[in-house]
1. So is VAL46 out of contact with any Cys (no Cβ under 9 Å at 6 or more places or on another chain), modelled with pLDDT of 80 or more and not charged (D, E, K, R) or not?
2. Pick from SER41, SER16, SER30, SER37: which is part of a helix (DSSP H, G or I) and at pLDDT below 85?
Amino acid sequence: MNGNEYIKFMTQEFTSFIDSTSEERKTRRSKRRTEPSVYSSKWLGVLPFALKSVMRKDSS
């Protein structure tokens, strides 16, 4: 993704966020809080994901 595409994407995301109502934002926020997060990603970051993808790539 080059710089122009990234700026276009971020602009679209920002405008969709601004155009949404405050109730929609509150429900989205509460839904995100109630969903359980993946333990390995929450506590260890991207490293477990990277190792899993490398292991899958090597076994294929």
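The values are calculated or read from the model by the stated rules, or taken from the named source; none is laboratory data. Small disclaimer: the values here were computed from a predicted structure and weren't measured. Here the Cβ positions follow ideal geometry from the backbone for every residue, glycine too, while neighbour counts run over all protein chains shown.
1. Numbers: out of contact with any Cys (no Cβ under 9 Å at 6 or more places or on another chain): yes; modelled with pLDDT of 80 or more: no; not charged (D, E, K, R): yes.
Considered against the rule, which asks whether it is out of contact with any Cys (no Cβ under 9 Å at 6 or more places or on another chain), modelled with pLDDT of 80 or more and not charged (D, E, K, R), VAL46 comes out as no.
2. Answer to the check: SER41.
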